[in-house]
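Quick notes on the structure that follows.
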Amino acid sequence: MRIAFLMVSQRVLVATVVAVLATGGAWSLANSPNPEPTPADVQVGKSADDGPIYTTSDGMTLYTTVMDETPSGRPGCLNTLDETGTHHLGEKYDLSDAMKKLQKTCVEKWPPFRPAAGAEQIGKWTVKSRPDGSKQWAFEGRFLYTSTKDRLPGDVHGSGGDYLTNQWQTVRVPLGFPPGIKLSRTLDGLILVSHDDRPFFTTTHPANLPSVEGWLPVTTPLVARPSGDWNIKELKNGTKQWSYRSSLLYLPGKDMTHERIRATNGLWQTVVYQRNERAPAPFVPQYTLAGWVYAVDGGRSIYVFSCQDETIDRLSCDEPGDPAVYRSSICGSGEDCAREWQPVLASDHAEPVADWGVDNVPHPPFSDAAGAYGEDVPTVHAWTYRGQPVYTFAGDHEPGDIRGHSIRYYGVSKFLLVKVLGNAREDGERYFVDH
């Protein structure tokens, strides 16, 4: 497969520098990571998707939701049960009595982050009142919640990544990067890119380079000053260049194609801020029509079940305790689901790694409304990804098959591929990936 590399011209570089200067101001220690004061019950954690994020003092991830963006400024995540909905085809429905008994409210699934008694505003952190008179922390005016999907400190299962509609987001910590520099997610991990998404490069062995001809130094604003991981080197012609963690930053010139970069045998690499952690055995990346996904057993793609009820609050319906009918409706019956979707079993010695966990997974899924997670339900020791059991699909026969992707029931519940972070097909065209 021929991979085209995004080219950069000198004119674009100049435009970038002008844009950076236009953002104005001296970039200094005041813009270092996590400059904002925080309450005593808040600390900084890490997310594979977003980098540094805010958590509770116990390490539980904090979230905000678009449901709270109401004209009145009052929260939209409430302790009431939405009993009716509308399918994506326009068909209206009511929850059955059995499902109503199991269905949880938004607040039950997303507990508000409560302040300690007497807590007061600090920086962008404020204490706001809920409709019932209780108090809740807010950041930059947005109510904060934890997620019942997160079972252990460090879990970031609530935002859903590619699996939900981004109705819930983590709360990112200010990075303190120079103006015009940000993060982008790729197969390597989170890398440094320009404001218009062009990746920065650095050389891994500068002493072995015959020259840097064809590469454009990432120059600094005139008023920039070093801070933290960011330093400045003055070049022979008087211009100043950014370095990050002692690595000088460059953009590829117009003639520096992807093939030419590969020909340097790894001397030039993208600048990784936070590297993706490798998946544990038995999972391996595999390239498919949907991009990079994870596979097992000689190339069999793996999937997770995802469910978002189409009631007004659009809560997830794929957690322990949610009605099993959401699962079995995809296949027609619990027995059919058990034949078509097999959990990936874990050995007795398997250990959790990053987003991958090991749990006792209910199997087979039952069609009874309370069956999937009720009492005395048979379970198997199996792998999970971001808290969700992972499955293979009986309809996949060849390595790379993805026939189970997006099999769904009314758009409410579906099975989705477990994609490698940074898996989008265009990533392979734009970035030089360090394997």
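The values are calculated or read from the model by the stated rules, or taken from the named source; none is laboratory data. Quantities reported herein were computed from a predicted structural model and do not represent experimental measurements. Methodologically, a virtual Cβ is constructed for each residue, glycine included, from the backbone with ideal geometry; neighbour enumeration extends over all protein chains shown.
Here is a yes/no grid of residues against (1) in contact with a Leu (Cβ under 6 Å, 6 or more places away or on another chain); (2) modelled with pLDDT of 90 or more; (3) under 30 Å from P285 (Cα atoms):
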| residue | (1), (2), (3) |
| --- | --- |
| S96 | no, no, no |
| L102 | no, no, no |
| V107 | no, yes, no |
| A116 | no, yes, no |
| Q121 | no, yes, no |
| R151 | no, yes, yes |
| L164 | no, no, yes |
| F177 | no, yes, no |
| D188 | no, no, yes |
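Every residue in segment 247-260 that is buried (at least 19 other Cβ atoms within 10 Å of the Cβ) and farther than 15 Å from V218 by Cβ, please.
H258
Could you please let me know if Y303 is over 30 Å from S147 (Cβ atoms) and buried (at least 21 other Cβ atoms within 10 Å of the Cβ)?
Values: over 30 Å from S147 (Cβ atoms): no; buried (at least 21 other Cβ atoms within 10 Å of the Cβ): yes.
Here the answer is no, as Y303 does not meet what is asked.
Going by the conditions given, is V42 buried (at least 18 other Cβ atoms within 10 Å of the Cβ), in contact with a Ser or Thr (Cβ under 7 Å, 6 or more places away or on another chain) and either outside the structural domain of V193 (by TED's automatic domain parsing) or modelled with pLDDT under 90 (or both)?
It is true that V42 is buried (at least 18 other Cβ atoms within 10 Å of the Cβ), in contact with a Ser or Thr (Cβ under 7 Å, 6 or more places away or on another chain) and either outside the structural domain of V193 (by TED's automatic domain parsing) or modelled with pLDDT under 90 (or both).
For segment 103-137, which positions are of a type in the set (A, V, I, L, M) and under 20 Å from G158 (Cβ atoms)?
Hit for segment 103-137 is V107, nothing else.
Considering only residues of segment 357-380 that are out of contact with any Phe, Trp or Tyr (no Cβ under 9 Å at 6 or more places or on another chain) and β-branched (V, I, T), which is modelled with the lowest pLDDT?
Filtering first and then ranking leaves T379.
Show me the strands (runs of 3 or more DSSP E) entirely contained within segment 188-249 in which 2 or more residues are more than 20 Å from L267 (Cβ to Cβ).
189-194, 230-234
Could you pull out the residue among V353, V325 that is among the hydrophobic types (A, V, I, L, M, F, W, C) and surrounded by fewer than 21 Cβ atoms within 10 Å (Cβ to Cβ)? First the steps, then the outcome.
On the way: V325 fails: surrounded by fewer than 21 Cβ atoms within 10 Å (Cβ to Cβ).
None of the others qualify; the one that does is V353.
Just give me the residues in segment 100-154 being part of a helix (DSSP H, G or I) and under 28 Å from the mean Cα position of the chain (by Cα), in sequence order.
Selection gives C106, V107, E108, K109.
Does segment 271-283 include one or more residues that are touching a residue at least 40 places away in the same chain (Cβ under 8 Å), surrounded by 18 or more Cβ atoms within 10 Å (Cβ to Cβ), touching a Ser or Thr at 6+ places or on another chain (Cβ under 7 Å) and outside any loop (DSSP other than H, G, I, E, B)?
There is no residue in segment 271-283 that is touching a residue at least 40 places away in the same chain (Cβ under 8 Å), surrounded by 18 or more Cβ atoms within 10 Å (Cβ to Cβ), touching a Ser or Thr at 6+ places or on another chain (Cβ under 7 Å) and outside any loop (DSSP other than H, G, I, E, B).
Restricting to segment 289-330, name every residue that is in contact with a Pro (Cβ under 6 Å, 6 or more places away or on another chain) and β-branched (V, I, T).
Matches in segment 289-330: V296 only.
Out of segment 227-237, which residues are farther than 17 Å from F200 by Cβ and surrounded by 15 or more Cβ atoms within 10 Å (Cβ to Cβ)?
Answer for segment 227-237, where residues must be farther than 17 Å from F200 by Cβ and surrounded by 15 or more Cβ atoms within 10 Å (Cβ to Cβ): just S227.
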